[in-house]
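Structure record follows, encoded as structure tokens.
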Amino acid sequence: MISGLKILLQQKKAVAGLIIIAALCLMALFAPIIAPGAPSARVGRSHQPPTVEHVFGTTKMGRDVYTQFVWGSRTSLAVGFATGIAITIVGTAIGLVAGYAGGRTDAALDLATNAVLVIPNIPLLILLASFAGTVGPLAIMAIIALTSWPWGARMTRSQTMALRNRDFVIAARMIGEPAWRVLFVELLPNLLPLIGINLVGSIIYAVVAQTTLEYLGFGDPLQVTWGTMLYNAQNSSAIILGAWWDIGAPATGIALIGLGLALVNFTFDEIANPQLRSGPALTRWLRLNRQRNRSLGGA
Amino acid sequence: MYISSRRLGVYAVALGFAIVMNFTVPRLMPGSPVDAMIAQLGPRATPAAVEAIKARFGAVEAPIAAQFLDYLKGLATLDLGVSVKYYPQTVTEVLARSTLWTLFLVVTAITFSLVVGTLLGAIAAWRRGGRFDTVVSPFSVVMIAVPPVIIALTALFVFGVSLRWFPVGYAYDPNLDPGINFTFAGSVFYHAILPVLTLSPYLIGEFQTTMRSSMISVLGEDYVTMGRAKGLTAATVMLGYGARNAMLPVLTNLALMLGAVFGGSIVTEIVFNYPGLGLTLFTASVARDYPVIQGQLLLMTLATLGANLLVDIVYGVIDPRLKDGSA
């Protein structure tokens, strides 16, 4: 675990990604200090471009975009991360049980996994959200988590199946360890890198899905989040009127979470699969390889 | 042609799941969607329309099993109910209008991205660790993580509103009469450029990432070294020996991504006011036109399953090893 973190911190891309995420989290945490004032207070005229007083301009309703941006990060980040964790827990549990139990349990769970995987997610989310009416962040979380666990379940299942018949697992079973102990103490620690990849991917997915649902107007319009900011900006025709700051602020925020998480994910992939690595050692190896190829007369 | 019975089982369960969701969700939700829909109809609420809606959404005195059987019977005869917003048009009519536009967008975007993404992935793997790879590969991962809404809104603002290079809405110039001629076709393509370019970054990113990792392992195979040793040109080895074999995981990924592509096209169509299924779904959800929302889910599930089946068939043709049933 510690050594894994060390590898992670040696990668420039991962560090850059972590810094972006940390900065956004700090902004959300210290919102009352860096953006005092209520995000829904009317403080200026409609659609004012950025000025010293309103650094990100104002919305159609004359609200300060900067204050909304800072406060909106709270729900957006919290829902994104919490949903990502929920998706990971469900996916890992199902994959672990399916891969370890085998037999009929596995067949049934695998069938369910593959079936939910091919059902288009967003239309399903829209069906659920539209019958639920406008829904708060918690309901959005639950809806996303219930429909998007299959990716993680598939990965976890195949990895568990690969580990199931290793000596240490068989030994644990032979000395009479109960199934839950084999699962959580023997198998789970070995799946940590995979769970890490799953978690980052799930958070990315949760952010995308949450933004989409809120942009489509299924969020609670009274809650200030980056998604509802987009929705409100869209509804006030901000783009056509040229009020780019109204859309630009939340869009940048969401793009930044995506960028930060993607950089971390890229590094995770490289750690889990050394074949994908690039960097100084790889460059050296490639140079040697090219020389070898040249001596073979190839490209 | 070979498709395992297991895959068919998966498709059957997926379709069944979508149908059961459609049937149960409206019956489980608090508040009666039926009243809301009858209110929506307003003066158009003829007794026949009210009856049809009640039957479909469970506001009738009948055992749940009988209701479900009735529902299935309706589906079997392609009867998806009547639209509340466009009453007396049926859901099938409403959906039929917009399906072609979405298919056009999605198929164009997938084809374009498949070519660009696999090429970028192949080149990145071929020159692994080179300048091209270190720029393009992380960029692809980032593209997957940025929601399509953001890309669509940015593209709309920059290329549509500010630079005025492309139209900001509709599928063709409303002044033209639809017909098969160059002016109309040109207008359709011109209007599709921004939506297609908006759908593409996610797809290109996915294809590039999958292709790169698949290609890296293929390039380590002996037959690739053999190809080089024979003195074949770099292009022949890269495309004919490497890329051709590395394509298989990309195809698998394509099948799994289709759901996300539909999700992306919903958002893209809304941003660009493009008259496809996504826009229909959006209008329907704003108007709480539940029958249309349900029909949409069924249609998109069917489309995804159909495309998966197609990928399965293509896969079987490309990779003869699959015929022994090991996959």
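Here is what passes the span test in chain B: the DSSP H helices with alpha carbon length of 27 Å or more along the helix axis and a Kyte-Doolittle mean of -0.5 or above are B:5-28, B:91-126, B:182-219, B:244-271, B:290-318.
Would you calculate a helix-derived [θ] at 222 nm for the protein assembly as shown, using -39,500 (n - 2.57) for each DSSP H run of n ≥ 4 and dividing by the full residue count, to the nearest 500? Present the calculation step by step, with values, prior to reporting the outcome.
Values: 25 runs with 438 residues, N = 626.
After summing the helix terms and dividing by the residues of the protein assembly as shown, the value is -23500 deg cm²/dmol.
Atom-type composition of the exposed protein surface of chain A places 66 percent of the accessible area on carbon and sulfur (1.4 angstrom probe).
Normalised by the number of residues in region B:188-327, the mean separation of alpha-carbon contacts (under 8 Å, six or more apart) gives a relative contact order of 22 percent.
Compute the distance from the alpha-carbon center of region A:49-104 to that of region B:227-302, in whole Å. Using only Cα atoms to place each centre, the spacing works out to 25 Å.
Computed from the C-alpha gyration tensor, the three semi-axes of the ellipsoid equivalent to chain B are 43, 27, 16 Å, from longest to shortest. Within the listed set A:57, A:80, A:227, the residue fluctuating most in the Gaussian network model of chain A (springs between alpha-carbon atoms under 10 angstrom) is A:57.
Which FRET efficiency, nearest 0.05, do residue A:173 and residue A:52 yield, Cβ-Cβ r, R0 45 Å? Write down the numbers at each step before the final one.
Numbers: r = 69 Å, r/R0 = 1.53.
Taking R0 as 45 Å, the efficiency between residue A:173 and residue A:52 is 0.05.
Across chain A, the relative contact order, built from alpha-carbon pairs under 8 Å that are at least six residues apart, equals 26 percent.
Over region A:4-129, what relative contact order in percent results from Cα pairs under 8 Å that are six or more residues apart? If you can, show how the numbers build up before the last one.
Details: 92 pairs, mean separation 19.8, N = 126.
Relative contact order of region A:4-129: 16 percent.
Let me make sure I get this right: for region B:129-229, a, b and c are the square roots of the gyration tensor eigenvalues over alpha carbons, sorted descending. Under 1.5 in a/c it's rounded, otherwise prolate if a/b > b/c, else oblate. Which is it? Taking the square roots of the gyration eigenvalues as a ≥ b ≥ c, region B:129-229 is prolate.
Give the Kirkwood hydrodynamic radius (Å, one decimal) of chain A, defined as one over the mean of 1/r across all pairs of different Cα atoms.
Values: mean 1/r = 0.0458 Å⁻¹.
Mean inverse Cα-Cα distance, inverted, gives 21.8 Å.
Membrane-span-like helices in chain A, defined purely by DSSP H runs whose alpha carbon atoms cover 27 Å or more axially and whose average Kyte-Doolittle hydropathy reaches 1.0, are A:65-101, A:192-215, A:244-272. In the context of the full set of protein chains, residues of the protein assembly as shown present 46 Å² of accessible surface per residue (probe radius 1.4 Å, heavy atoms only). Ligands, DNA and RNA left out, the 1.4 Å accessible surface of chain B is 68% carbon and sulfur atoms. A straight Cα-to-Cα reach below 12 Å connects residue B:85 with the aspartates and glutamates B:289, residues fewer than 8 places away in its own chain not being considered.
With a ≥ b ≥ c taken as the square roots of the eigenvalues of the C-alpha gyration tensor of the protein assembly as shown, please select rounded if a/c is under 1.5 and otherwise prolate if a/b is larger than b/c or oblate if it is not? Walk me through the numbers on the way to the answer.
On the way: a/c = 1.42, a/b = 1.26, b/c = 1.13.
It is rounded, given that a/c, with a ≥ b ≥ c, falls under 1.5.
Over region B:212-327, the fraction of Cα-Cα pairs per 10 Å bin, rounded to whole percents and listed from the shortest bin up, is 12, 28, 23, 18, 13, 5, 1.
Tell me whether region A:222-275 comes out rounded, prolate or oblate; compute the Cα gyration tensor, take square roots of the eigenvalues as a ≥ b ≥ c, and use a/c under 1.5 as the rounded threshold. Mind showing how you got there, number by number?
Numbers: a/c = 5.03, a/b = 2.99, b/c = 1.68.
Judged from the Cα gyration tensor, region A:222-275 comes out prolate (a/c at least 1.5, a/b above b/c).
Scanning chain B for trypsin sites (Lys or Arg not before Pro) lying in DSSP loops with no more than 16 further Cβ atoms inside 10 Å, the longest uninterrupted stretch between such sites is B:1-126.
Loop-only check: which chymotrypsin sites (Phe, Trp or Tyr not before Pro) in region A:26-100 are DSSP coil with at most 16 other Cβ within 10 angstrom? It would help to have the intermediate numbers written out before the result.
Working: sites: A:30, A:56, A:66, A:69, A:71, A:81, A:100; in loops: A:30, A:56.
When the chymotrypsin sites (Phe, Trp or Tyr not before Pro) of region A:26-100 are filtered for loop state and at most 16 Cβ neighbours within 10 Å, A:30 remain.
When accessible surface is computed with a 1.4 Å probe, chains A and B are found to bury approximately 5200 Å² between them, both chains counted.
Averaging Cα coordinates gives a centre for region B:74-131 and one for region B:7-27; these two points are 20 Å apart.
The values are calculated or read from the model by the stated rules, or taken from the named source; none is laboratory data. Quick caveat: nothing in here was measured; it's all calculated off a predicted structure. Using ideal geometry, Cβ is built from the backbone for each residue, glycine included, and neighbour counts are taken over all protein chains shown. Please note that ligands, DNA and RNA were not included when accessible areas were found on the heavy atoms of the full protein model with its side chains. Shrake-Rupley method; radii C 1.70, N 1.55, O 1.52, S 1.80 Å.
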